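Worksheet for the structure shown next.
Please treat every number below as a calculation from the coordinates, not as lab data. Just so it is clear, the model here is predicted, and its values are computed rather than measured. Using ideal geometry, Cβ is built from the backbone for each residue, glycine included, and neighbour counts are taken over all protein chains shown.
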Amino acid sequence: MRQILLLIFVFFASQWLFKKLKRAQAAAGNPHPGPGNGAGAARASRGPAASSAPQLPDPLVRCAECGLHTPSSESVVAAGHRFCSVDHAHRHAARPTGRDAR
Ligand SMILES: [Zn+2]
């Protein structure tokens with residue numbers, strides 16, 4: 001009977017120790033103590049626009065000359081078309097627009 005009591009005591013003691021250890025780990029690993037609920041609410045209040053902001057700052061655009069997909073920051077815009085390079089922009093401009101004029 002005493003052994004059972006001892007076991008129960010050990011069980012509670014270990015649980016308390018585990019909880020304390022876990023709390024210490026959380027405090028050490030997380031710079032923002034407390035439940036993540038508050039942080040999540042604060043993040044949500046910033047609006048879905050922030051979270052849905054494009055991960056890619058450079059959307060790919062298609063070159064009107066060769067069809068290559070280029071980051072928009074590197075693309076060349078000429079005559080309302082986007083090109084992968086200045087060379088292709090010139091080539092497209094120099095080419096007689098027979099396709100369009102027909
Ligand atoms: Zn091109």
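Couple of notes before you dig in:
- Counting other Cβ atoms within 10 Å as a rough exposure proxy, the listed residues 85, 14, 75 run 14, 85, 75 from fewest neighbours to most.
- Close amide H contacts of residue 82 (hydrogens built in the peptide plane, cut-off under 5 Å, sequence separation of 5 or more or a different chain): 64.
- Estimated translational D of segment 60-101 in µm²/s (Stokes, Kirkwood radius over Cα pairs; 25 °C; 0.890 mPa s): 242
- Proxy reagent accessibility, fewest Cβ within 10 Å first, across 74, 65: 74, 65
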